[in-house]
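Here is the structure we will look at, set down as structure tokens.
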Amino acid sequence: METETRTFEALLYAGAEILKNAGIEEARLDAWLLLEYLTGKNRAWYFAHRDEKASGSLASEYEKLVKKRAAHIPLQYIVHQVFFMGCEFYVDENVLIPRQDTETLVEEALKLLEDVKRPGILDLCTGSGCILLSILAARKDAWGTGTDIMENALKVAEENGRRLSLADRAFWVQSDTFSADIFQEKNGNIPVKYDILISNPPYIPAGEIDGLKEEVRLHEPRTALDGGEDGLDFYREITPSAAGYLKPGGWLLYEIGWNQGRAVSELLRDCGYQKVKVIQDLSGLDRVVLGQHACP
């Protein structure tokens, strides 16, 4: 892409061609979204000004963005923005990109909390914090704790909490599942009990990661993808201990891979959970497994 003075329309066309030749599936849409991000202008403005000349500096910056996307860096990491459950989240290469499928998990959690006053939520493997923060945004009386093993992921979650004005109700803890001190009964500490324990853990079988799209396997954090040999490592680790952090009648909710419903459901039943259920996403694929901690 040459960066001499060109019209906005010419810039957009050239950007789309570069992305198309690089094998980007939605080349024209991504080319437009990069131009929108760079200029801060909407489509109405573009159509009214597409024949105007763009500055050389703008054209040069646009070329840099297009080249990043042509290298299959996810668009969301370039613009540091993704929308989830009606909220805008900051994302970078330290966290998974929130996906619409995960909204099914949040929606089920909100249904279970409808009659719970001031609910507490524990979100394991929180990443960007999108699950916990979306629940807090929908429930003004809710509070919660988000954990992640990666410090840089927690920085992203904390930033999102600030941007969404939820920092006073969201608490972030670096922890490998339940390893942090706040989860241990020692030195007089009594672990908090929550109404819901929710998690979108790594669940891709290790042997399948190299077959994922380039955007995912090369750019999203592998630690947030790799669920071990069969993808179930984290479910096996979390489920037996989860009841210790739930109030009687509290709920455990997981996002799962499309073919993991039966196996994860059996794990919950084996650990004494009741009302175990598999929920499908909008595509009709198994997406959520939930179960209730037995009341005494």
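The values are calculated or read from the model by the stated rules, or taken from the named source; none is laboratory data. Here the structure is a predicted model, which is why all the values come from computation and not from measurement. Here the Cβ is made from the backbone with ideal geometry for all residues, glycine too, and neighbour counts use every protein chain on show.
Odds and ends about this structure:
- Enumerated helices (runs of 4 or more DSSP H) restricted to the stretch 32-101, each holding at least 2 residues that are within 30 Å of Ala137 (Cα to Cα): 75-79
- Residue list for the stretch 170-208, restricted to those being closer than 18 Å to Lys155 by Cα, of a type in the set (Gly, Ala, Ser) and not in a loop (DSSP other than H, G, I, E, B): Ala170
- Residues of the stretch 259-282 that are loosely packed, with under 14 Cβ neighbours inside 10 Å, in a loop (DSSP other than H, G, I, E, B) and either at pLDDT 95 or above or charged (D, E, K, R) (or both): Asn259, Gly272.
- Within the stretch 209-242, being part of a helix (DSSP H, G or I), more than 19 Å from Arg99 (Cα to Cα) and not small (Gly, Ala, Ser) holds for Asp210, Asp233, Phe234, Tyr235, Arg236, Glu237, Ile238, Thr239, Pro240.
- Selection within the stretch 283-296 - more than 23 Å from Ser241 (Cβ to Cβ) and not in a strand (DSSP E or B): Ser283, Gly284, Leu285
- Any hit, the stretch 123-130, residues being touching an Asp or Glu at 6+ places or on another chain (Cβ under 7 Å), among the hydroxyl-bearing types (Ser, Thr, Tyr) and within 30 Å of Leu11 (Cα to Cα): no
- Residues located in the stretch 149-169, provided they are outside any loop (DSSP other than H, G, I, E, B) and either touching a Ser or Thr at 6+ places or on another chain (Cβ under 8 Å) or without any contact (Cβ under 8 Å) to a residue 12 or more places away in the chain (or both): Ala153, Leu154, Val156, Ala157, Asn160, Arg162
- Which listed residue is surrounded by fewer than 19 Cβ atoms within 10 Å (Cβ to Cβ) and more than 30 Å from Gly228 (Cα to Cα), from Ala206, Ala138, Ala180: Ala138
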